[in-house]
Amino acid sequence: MIYQGSCHCQAIRFEIEADQHLEADYCNCSICAKSNYLHLILPLNRFKLLSGEQDLSTYTFNSGIAKHTFCRHCGIKPFYTPRSNPDGIDINVHCLDTRPVSINISNFDGQNWEQHAHTLAHKSKTL
């Protein structure tokens, strides 16, 4: 299924290919908890930026591997390159304009990231 997504002001628009029944993760790490990010990690080839590349800003911290991209106008983070899957893309399900049929949400213990990151590694692999 093709989903359309965007930031709040619509400057950044994208589309993804994903199942109609999504498997998403809530993470309790400091940045995800503060931003209420709902993760959908995909292979990069299932993501297409449609507009707004010039409107993206990037924030990194700690290891610098994760590239937290957000709209420089409205501040929304619709997607980013996750540390757990630097070969993939992590979509904020809350930024999808096309609604999925269903979402199964799991909790991820990001406060103890080093112990649990391996459980996410498969999500950016192409089937």
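Would a scan of the range 92-112 turn up a residue that is basic (Lys, Arg), at pLDDT below 95, over 24 Å from Thr126 (Cβ atoms) and not in a helix (DSSP H, G or I)?
Yes, because at least one residue in the range 92-112 is basic (Lys, Arg), at pLDDT below 95, over 24 Å from Thr126 (Cβ atoms) and not in a helix (DSSP H, G or I).
Yes or no: Asn62 in contact with a helix residue (DSSP H, G or I) (Cβ under 7 Å, 6 or more places away or on another chain), surrounded by fewer than 16 Cβ atoms within 10 Å (Cβ to Cβ), more than 14 Å from Cys95 (Cβ to Cβ) and at pLDDT below 95?
Spelling it out, it is not the case that Asn62 is in contact with a helix residue (DSSP H, G or I) (Cβ under 7 Å, 6 or more places away or on another chain), surrounded by fewer than 16 Cβ atoms within 10 Å (Cβ to Cβ), more than 14 Å from Cys95 (Cβ to Cβ) and at pLDDT below 95.
Can you pull out every residue in the range 95-112 that is surrounded by fewer than 15 Cβ atoms within 10 Å (Cβ to Cβ), touching a residue at least 24 places away in the same chain (Cβ under 8 Å) and under 23 Å from Leu50 (Cβ atoms)?
If the condition is that a residue be surrounded by fewer than 15 Cβ atoms within 10 Å (Cβ to Cβ), touching a residue at least 24 places away in the same chain (Cβ under 8 Å) and under 23 Å from Leu50 (Cβ atoms), then Asp97, Thr98, Val101, Ile103 are the ones that fit.
Mind telling me which of the residues Lys48, Lys77 ends up being buried (at least 19 other Cβ atoms within 10 Å of the Cβ), of a type in the set (Lys, Arg) and farther than 17 Å from Lys123 by Cβ?
Within the list Lys48, Lys77, the selection yields Lys77.
The values are calculated or read from the model by the stated rules, or taken from the named source; none is laboratory data. For clarity, every value in this text was computed on a predicted model and none was experimentally measured. Positions of Cβ are generated from backbone atoms using ideal geometry, with glycine treated the same way; all protein chains shown enter the neighbour counts.
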